[in-house]
Amino acid sequence: GRDMAPRVLPLPRQRSFLPPSVRNPFVHPRRLSAADKLRTILLGIILLPLRATCIVFILLLAWVFASIATFRHPRKGSVPLKGWRRRMIQRSLSCLTRTIFFVMGFRVKVKGKIAGPLEAPIFVAAPHSSFFDAIVSALTGMPSMVSRAENLSAPLFGTILSSLQPVSVSRQDPDSRKNTVTEITSRAVSGGQWPQILIFPEGTCTNRSCLITFKQGAFIPRVPVQPVLLRYPNKLDTVTWTWQGYSFKELCVMTLCQPFTRVEVEFLPVHVPTEEEKNDPVLFANRVRETMATALNVPVTDHTFEDCRLMISAGQLTLPMEAGLVEFTKISKKLNLKWNHVREQLDTFAAIASASKGGRIGIEEFAEYLKLPISDVLKELFLLFDRNGDGTIDFREYVIGLSILCNPANTEETIQMAFKLFDMDDDGTITEDEFACIIQSALGVPELDVSKLFKEIDADETGKLSYDEFKDFALKHPEYAKLFTTYLELQRYQLNMSEDDDFQSLEAEVTPVRKSTGPGSETPPLARNKVHPEGNDDNNSSTSDKKDD
């Protein structure tokens, strides 16, 4: 790590913001050794054509059964399939799906007892890491699933899917989420009229290293759910399909070229919600997730589908993809941030971090972004952002820092106070000389050129800053407000330290203010005087008055 000065000011920390135990659940590294590749190719020459032919034949057969069962049945899935239609789908498609998995070389091991529709109207399966997870539906008598609306219009596959009467969801429709939950609820409480529903509550595929946030859809209906665990105990992993790694086609081909692939499906006891859980779907979801994580012996994290979207955006901004991961559930709830707000912050972060390797901000990049030299105050602010103390700020630390450090500091009061401090002759504007004078003395760098920063604030290019320009800039760049309040806190800290050492003479009180941030830092008396009457603390304001006299 870089040599960083020890932190002076106490750090506002929250245990709840500790980084997640799994940094990136959405990556599956490509790890095929030369021997694996050779074996895959040799076996594939024989297995691939044989298996592919069988699968096409079985799918055609399934399509025939699905077409018969849904013939002249109202399309939109508004009425449940009953009688012979339902039995036909359950028996024929269960049997054919199992056969497909058998042909593909899957060896399925089932543990636990499968609950009936009245015991548990909903199955929740996790971790969701592959399209092969569909094996669960063959084992549970072809329950309905939640599926994207566009899947239903796919040729062949669409007919088979619609015969299972899925709950269709559209990612484009703003009311889709609400409609989906309503539909799941009405089916779940229908007392066995509809098939059971199989839901993957994580809502996206991970690499099975942890359980990410469970979406509430399966838990809002207030009905018992049966947790289903999926494990793939294979030496060579050809099933994991997540955001970074092998593509759908590659995994299909690789899996078909393996002699066999093991999968274990475990049905845990039905979780009947307590009154408390019925009234709080988030609690219900978290308790079910805890149970499943304990049985799987993996940690839980607060990642969600929104993290994947941020990850893709980070990739487009030429950052490493995992730079976008922030554990969106936790961050958005605790800091009250919306997705597009975090997405905008990613743009700023990318602009600062683009110079550095590894998609993190070092102190040099931080200083360059603020157009200021590396001084004690800047180091202090950097240390406040750098939550894990590794000498760099990652995107997650940046988002948290802006929310809990900078935005609260960026009040009208702070901005007014800073403006008064800079406006040395009280004429309601700040000239470049006044601006330079204060910044040079505050940072202890007498030769510092602040013209670039001044020009950026001076929107109308008059060579003078009005309060409106100053405020406008401050609101857009909350880091400066925190830098300013950190400077005041450091001043006060050094004042108090010196008063502890020696409080007999007046000099003892004044000197620390002068040496505050390094050699050559003569703080102009006027400036000091203006900072403190704003109500920092009586002790300080009397000091600066004496100095002014």
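The values are calculated or read from the model by the stated rules, or taken from the named source; none is laboratory data. A quick note: this is a predicted structure, and the numbers were derived from the prediction, not measured. Note that we place each Cβ from the backbone using ideal geometry, even for glycine, and neighbour counts take in every protein chain shown. Protein only, heavy atoms only, side chains kept; ligands, DNA and RNA dropped before computing areas. Shrake-Rupley method; radii C 1.70, N 1.55, O 1.52, S 1.80 Å.
Miscellaneous remarks
- The C-beta contact set for the range 421-446 (first residue assigned by the TED database to the domain that holds residue 377, second residue modelled with pLDDT of 90 or more and open to solvent by less than 40 Å² (accessible area, probe 1.4 Å), distance under 9 angstrom, 6+ apart or interchain) is empty.
- Among residues of the range 23-49 that are open to solvent by less than 50 Å² (accessible area, probe 1.4 Å), those with a beta-carbon under 6 Å from a residue that is among the hydroxyl-bearing types (Ser, Thr, Tyr) at least six positions away or on a different chain give the pairs 25/206; 25/209; 26/242; 28/240; 28/242.
- Residues of the range 194-213 that turn out to be among the basic types (Lys, Arg) and within 18 Å of residue 169 (Cβ to Cβ), as a count: 0
- Annotation: residue 139 fulfils all but one of (1) over 18 Å from residue 78 (Cα atoms); (2) out of contact with any Leu (no Cβ under 8 Å at 6 or more places or on another chain); (3) open to solvent by 30 Å² or more (accessible area, probe 1.4 Å); (4) in contact (Cβ under 8 Å) with a residue 24 or more places away in the chain; the unmet one is (3).
- Any chance residue 82 is open to solvent by 70 Å² or more (accessible area, probe 1.4 Å), at pLDDT 90 or above and either in the same structural domain as residue 192 (by the TED database) or within 23 Å of residue 242 (Cβ to Cβ) (or both): no
- Within the range 329-413, helices (runs of 4 or more DSSP H) holding 1 or more residues that are touching a strand residue (DSSP E or B) at 6+ places or on another chain (Cβ under 6 Å) and buried (at least 18 other Cβ atoms within 10 Å of the Cβ): 339-353, 376-385
- Among the residues of the range 419-474, those that are assigned to a strand (DSSP E or B) and open to solvent by less than 50 Å² (accessible area, probe 1.4 Å) comprise 429, 430, 431, 465, 466.
- Under the condition of being assigned to a loop (DSSP other than H, G, I, E, B) and open to solvent by 70 Å² or more (accessible area, probe 1.4 Å), the residues counted in the range 103-119 number 3.
- Residue 64 vs. criteria at pLDDT 95 or above and open to solvent by 30 Å² or more (accessible area, probe 1.4 Å): no
- Check on residue 126, surrounded by fewer than 17 Cβ atoms within 10 Å (Cβ to Cβ), under 33 Å from the mean Cα position of the chain (by Cα), aliphatic (A, V, I, L, M) and at negative phi: no
- For the range 256-298, a residue qualifies if it is modelled with pLDDT of 95 or more, open to solvent by less than 40 Å² (accessible area, probe 1.4 Å) and of a type in the set (S, T, N, Q), and exactly one does: 261.
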